[in-house]
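Working notes, beginning with the structure itself.
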Amino acid sequence: MTDCAIIGGGVAGLTAAVQLARARKSVSLFESSPKLGGRAFGFEDAKSGIRLDNGQHILMGCYTSLLSLLNIIGSADRLTPVRNMRLPFRAPGGEEHLMQALPLPYPLGQLSAFLRFSPLSLRERIRALRVPLTVLFGRTDSGTHLDSIPASEWLAQLGQTSRITEFLWKPLILATMNAVPEQTSAGALSVVLREAFLAGAKASEFLVPDTDLSSVIADPAERYLRESGAELHIHNRVKAVSQTPGGWQLQCADGSLHQAKTVVSAMPAGQLTELLSASNFGNAVTIDVERFQPSPIASYYTWTTKPACDDIMVGCFRTTLQWVFPKGELQDGTWLASWVISAADELAEHTSEDVDSLLRSEVVSLFPHLDAADIVRTKLITERSATFVPAPGLSAFRPVTETALPGFFLAGDWTATGYPATLEGAAKSGYRAAESVMKCLG
Ligand SMILES: Cc1cc2nc3c(=O)[nH]c(=O)nc-3n(C[C@H](O)[C@H](O)[C@H](O)COP(=O)(O)OP(=O)(O)OC[C@H]3O[C@@H](n4cnc5c(N)ncnc54)[C@H](O)[C@@H]3O)c2cc1C
């Protein structure tokens, strides 16, 4: 009987597994799909033979749990930092803007980034400062109030005009929470601002993987786990779980049965709900799954004959495309770039040909040195359930690690991590689950 069975090989499950293996506990990890990594993975593009991601991910310096995992598995050096919140922006026609913090002591440096955000007038920037100043010095953590109202309402209360929201807050909310200000809770926005953008120069660094996501997370984690003697059951779905006198029994899709003293569920809310109903646990663990509304992210890859730009990442205004991450020159002489569209619900209403032609025209209008003929290939990937919407009131429904079932613990980006659906939330939940397992094992 293993010490712990972990169900789900995404970031949450991998983090829990690595922590437990590191503490010399015996671990069995079960993953239903043919690969580890969950919603963050790389794959080989059949046409070009190069590795792409299911979607561009960026990390931040405040991702302490995830960075600690990457340090343990040896891939923390695969991240390129963007320091001083230096973000160039583009608008149609090639109009250029910049956000950049001055090298000043905390919190002046962080505040200066907002004060120097060039798409806004000086008067608008001063007005925009009310939001970070409220987060830093106001009463934003007082109980549930901010959690219960939309970010749009809170921003309006703080005197933010629709132009300030359109150019500053909406892009920030889309990028960090994959939702629009009307859908997002003000509490979630205040957490993101406090933890990521206003917690010091290191915390606010953007960290962009310099290789595909599996090479940064799943592959080194798998190597670490195999070398530690963990059992990995990949492409084997756990169908049901039952309590036994000594712990737990897992029933897998291939018909095998596995015994463990403890279980960590590191599945998304929907799959956990299915497992619970197949496992006849009654009301011992109840998940209000309908509250976790999925939000899609679309990733658009372009192969061009010339580079779009040489920055690490560039924001886009007034276009469907929101960010571009140039990936450099490929062996065949073309230049690869990965474009991001968060909260991409509207794209689903159009044919893929229409979407492609719209996005091609946007690429050219954002970077006018490119012609339509310079775009030699494109590829659109839409992850329909990329994240859940951090809606007002949702935090009360995010479950904690411990359940009413002894030795059965929850992890996953949707649990009560305090973060929106992110790699950091997933990693943090994995650490917490591993701690609970170790306490339970004694
Ligand atoms: C396109 C895209 C872009 C994103 N961008 C960012 C970003 O820039 N920054 C950021 O921080 N986050 C980003 N995210 C969010 C981030 O990827 C997720 O928050 C994180 O990966 C969730 O990890 P998880 O382990 O909680 O869940 P998952 O990754 O969903 O892992 C759960 C795993 O459980 C497995 N499973 C389910 N049921 C069973 C079963 N019965 N038996 C066995 N296994 C099972 C699933 O196959 C899956 O592998 C992005 C997500 C997407 C899709």
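The values are calculated or read from the model by the stated rules, or taken from the named source; none is laboratory data. Treat the numbers as computed from the prediction; the structure is a model and nothing was measured. Positions of Cβ are backbone-derived with ideal geometry, glycine not excepted, and every protein chain shown enters the neighbour counts. When the accessible area is computed, the model is the full protein with side chains, heavy atoms only, and any ligands, DNA or RNA have been set aside. Shrake-Rupley method; radii C 1.70, N 1.55, O 1.52, S 1.80 Å.
Couple of notes before you dig in:
- Within segment 329-351, the set of residues being touching a residue at least 60 places away in the same chain (Cβ under 8 Å) and either open to solvent by 30 Å² or more (accessible area, probe 1.4 Å) or of a type in the set (D, E) (or both) comprises L330, D332.
- If you check A426, A386 for being within 12 Å of the ligand (Cβ to nearest atom), part of a helix (DSSP H, G or I) and at pLDDT 95 or above, only one passes: A426.
- T401 vs. criteria over 20 Å from N178 (Cβ atoms), within 16 Å of the ligand (Cβ to nearest atom) and either in contact with a Phe, Trp or Tyr (Cβ under 7 Å, 6 or more places away or on another chain) or modelled with pLDDT of 95 or more (or both): yes
- Qualifying residue in segment 330-338 (condition: aromatic (F, W, Y) and more than 11 Å from the ligand (Cβ to nearest atom)): yes
- Positions within segment 140-181 being open to solvent by 10 Å² or more (accessible area, probe 1.4 Å), more than 17 Å from G315 (Cα to Cα) and in contact with a Pro (Cβ under 7 Å, 6 or more places away or on another chain), in sequence order: D147, S148, I149, P150, S152
- Residue within segment 115-123 that is small (G, A, S), away from the ligand (no atom under 16 Å from the Cβ) and either in contact with a strand residue (DSSP E or B) (Cβ under 8 Å, 6 or more places away or on another chain) or part of a loop (DSSP other than H, G, I, E, B) (or both) present: yes
- Selection status of A421, open to solvent by less than 20 Å² (accessible area, probe 1.4 Å), under 30 Å from R318 (Cα atoms) and among the small types (G, A, S): yes
- Checked against (1) surrounded by fewer than 15 Cβ atoms within 10 Å (Cβ to Cβ); (2) under 30 Å from E222 (Cα atoms), E96 passes all but a single condition, namely (2).
- For segment 352-363, the count of residues that are open to solvent by 40 Å² or more (accessible area, probe 1.4 Å), charged (D, E, K, R), in contact (Cβ under 8 Å) with a residue 60 or more places away in the chain and away from the ligand (no atom under 16 Å from the Cβ) is zero.
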